[in-house]
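A short worksheet on the structure shown next.
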Amino acid sequence: MLSEFSEAGTRLGEFERAKGKGASSPTAALASRNVSVDFARHGAATKAVNSIVAFWNANVQGMDQFARLHMANPKRSAIRGIAGLTLPSLILYSVNKDNEKYKDLPRWRRDLFWNIPTDGTSLNKYTPFIAIPKPFEWGMVYATVPERIAEFIDTKSKTAFNDLAKNFGELATPGVVPTAMIPVMEAWANRSMFT
């Protein structure tokens, strides 16, 4: 409910902004749907696949919107990505880079989350970090890649870019395995498909 409420607020704000600039109601409504990923946008085949593979449509729509925004206005998209994701990510990387506990985190956790150190305080007694998920496509391009580059510059480690292409490929392509089959496959293989 909170997620829907915050998303509705963002969409209403965009609608009002477009109307304030003189847009017609249908044009403002379309702008409000495009302010974030429009999960209601899909075709008949997508709807069918999405009922079998969880989040299939969300993955397709996210990549589509990322590409459309960058094609329509590459300069503005890059400035927003750098200001909103790259700079904070590099600042957080500089805070964490010498922290051995950060280096011990699995690569997937460092790639998909911002890890804010708590040093075991009462904020988070189970782990020394608060994990905040990065936005999927934007986070990989504007947060994870710059962090990996900074890691390479810092350490000169040849492993700094390990699995980056694989992780980006997995993020950019929707799943094909029916969601109900994943636990069966994991139990049979005794292996987590996520990690």
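A few remarks follow.
- Residue in region 140-166 that is surrounded by the fewest Cβ atoms within 10 Å (Cβ to Cβ), counting only those that are among the charged types (D, E, K, R), in contact (Cβ under 8 Å) with a residue 12 or more places away in the chain and not in a loop (DSSP other than H, G, I, E, B): Asp154
- Selected residue (only one of Val60, Val141, Val145 is under 30 Å from Gly43 (Cα atoms) and either in contact with a Leu (Cβ under 6 Å, 6 or more places away or on another chain) or at pLDDT 90 or above (or both)): Val141
- Residues within region 76-102 that are in a helix (DSSP H, G or I), modelled with pLDDT of 90 or more, basic (Lys, Arg) and farther than 16 Å from Trp138 by Cβ, tallied: 0
- Residue check, Met193 without any contact (Cβ under 8 Å) to a residue 24 or more places away in the chain and open to solvent by 80 Å² or more (accessible area, probe 1.4 Å): yes
Listed here are the residues, each with its yes/no results for (1) more than 19 Å from the chain's Cα centre (by Cα); (2) open to solvent by 80 Å² or more (accessible area, probe 1.4 Å); (3) at positive phi.
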{"residue": "Ser25", "(1), (2), (3)": "yes, no, no"}
{"residue": "Ala45", "(1), (2), (3)": "yes, no, no"}
{"residue": "Phe55", "(1), (2), (3)": "no, yes, yes"}
{"residue": "Gly62", "(1), (2), (3)": "no, no, no"}
{"residue": "Ala67", "(1), (2), (3)": "no, no, no"}
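- Residue count for region 174-189, restricted to those that are in a helix (DSSP H, G or I) and either touching a Lys or Arg at 6+ places or on another chain (Cβ under 7 Å) or surrounded by 13 or more Cβ atoms within 10 Å (Cβ to Cβ) (or both): 3
- In the set (1) touching a Gly at 6+ places or on another chain (Cβ under 8 Å); (2) over 23 Å from Met63 (Cβ atoms); (3) of a type outside the set (Gly, Ala, Ser), Ile116 fails one condition alone, (1).
- Set Arg107, Arg11: member being of a type in the set (Lys, Arg), open to solvent by less than 60 Å² (accessible area, probe 1.4 Å), under 17 Å from Arg148 (Cα atoms) and out of contact with any Phe, Trp or Tyr (no Cβ under 9 Å at 6 or more places or on another chain): Arg107
The values are calculated or read from the model by the stated rules, or taken from the named source; none is laboratory data. Note that the coordinates shown come from a computational prediction; the quantities given were computed from them, not determined experimentally. FYI the Cβ positions are ideal-geometry reconstructions off the backbone, even for glycines, and counts take in every protein chain you see. With ligands, DNA and RNA removed, areas are computed over all heavy atoms of the protein, side chains included. Shrake-Rupley method; radii C 1.70, N 1.55, O 1.52, S 1.80 Å.
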